[in-house]
Amino acid sequence: MNVEIAKSAGFCFGVSRAVNLVYEQTEHAEGPVYTIGPIIHNEQVVDDLYRKGVRILNEDLLTEDGLSPEASSTVIIRSHGVTKAVYEKLVSSGCRIADATCPFVQKIHDIVRKESSCGHPIVIIGNPAHPEVLGIRGWTVGPCAVVSNEEDAERLTLPKDRQVCIVSQTTFNFRKFQELVEIVENLGYSVVVTNTICNATKERQRDSMELAERSDMMIVIGGKNSSNTQKLFDICKSRCSECYYIQTAEDLEGIFFDSAKKIGITAGASTPNSIIQEVSQHVRRAEL
């Protein structure tokens, strides 16, 4: 049996930066530490931070118990970013802000704020319920639509007398993005397209697809709520019929690897390297 891990599997730059920032604050912050939403879509990391005292706030800056952070607190904005309204509320709270918004996401905020202020309708291609997309939408003014599939694109009713600005969730599938842009163009809209899918996402999707094509079995690791991991799984499943979506090595119990000569392993952007290695070791031990 040959086991291969995709070159780009695991933490991306933005996630690594955000997670490291939270751990640093648990050691050096003078007051309580909070994050707006889970810092990443990985239960193991979030649970570990909870044990270190990190608590999660919703967009009203309240904990699950309905408590507000005191002024001595440090509040961390995760890599997904937040809406303009949430950011302004955070500033007015008086708490210390540690902004871990991914620079690629921040770039999208700047684009939609500028373009919508100039009167251009905005189309965001991505998952409408994803925190990154919600954050991007919160920096627009005027007409805005979120497109996640062909039906959404075909139902667009934005003004056609103005140029439409199209951006993407950073972790969206690149091929799907191209297909949806084409549908919007065919509806007669004049568009300016900014491909805001980050390079790390494109590399991870490409590496995973190529690995799946030469593997008998694929294992995709990531949080159950991770949008980019779900896209990786979809890509791998389309290239390799035996494909598993797991969170940790424990999820592999009961899976047999006997018939697979080549097993590929990839992981979403919120998966720590320690979990990737545990899964790899589990698969290799199963061969013995």
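Some observations on this one:
- Taking only protein heavy atoms and a 1.4 Å probe, the accessible area of the chain is 47% carbon and sulfur.
- The peptide list 28-41, 220-233, 48-61, put in order of mean Cβ contacts within 10 Å with the highest first, becomes 220-233, 28-41, 48-61.
- Listed peptides 250-256, 128-134 appear in the order 128-134, 250-256 once ranked by packing, highest mean of other Cβ atoms within 10 Å at the front.
- Looking at the chain, the accessible area is 47 square angstrom per residue; that uses a 1.4 Å probe and ignores ligands, DNA and RNA.
- Interatomic Cα distance distribution for the chain, bins of 5 angstrom, percent: 1, 6, 12, 14, 15, 14, 13, 11, 8, 4, 2, 0, 0, 0
- Around the Cα centre of region 35-174, unit charges on the Cβ atoms of Lys, Arg, Asp and Glu (plus for the first two, minus for the last two) sum to a dipole of about 480 debye.
- Between region 236-288 and region 41-99, the alpha-carbon center distance in angstrom: 33
- The count of lysine pairs in the chain with alpha-carbon distances below 18 Å, taking only pairs 8 or more places apart or on different chains, stands at 14.
- Global form of region 106-192, assessed from the alpha-carbon gyration tensor, a/c cut-off 1.5: oblate
- Shape of region 102-141, Cα gyration tensor, a/c cut at 1.5: oblate
- Global geometry of region 220-286, whether rounded, prolate or oblate, following the gyration tensor of its Cα atoms and the 1.5 cut on a/c: oblate
The values are calculated or read from the model by the stated rules, or taken from the named source; none is laboratory data. Predicted, not measured: the structure shown is a model, and the values here were computed from it. As a convention, Cβ positions derive from the backbone with ideal geometry for all residues, glycine included, and neighbour counts pool all protein chains shown. These area figures cover heavy atoms from the full protein model, side chains too; ligands, DNA and RNA do not enter into them. Shrake-Rupley method; radii C 1.70, N 1.55, O 1.52, S 1.80 Å.
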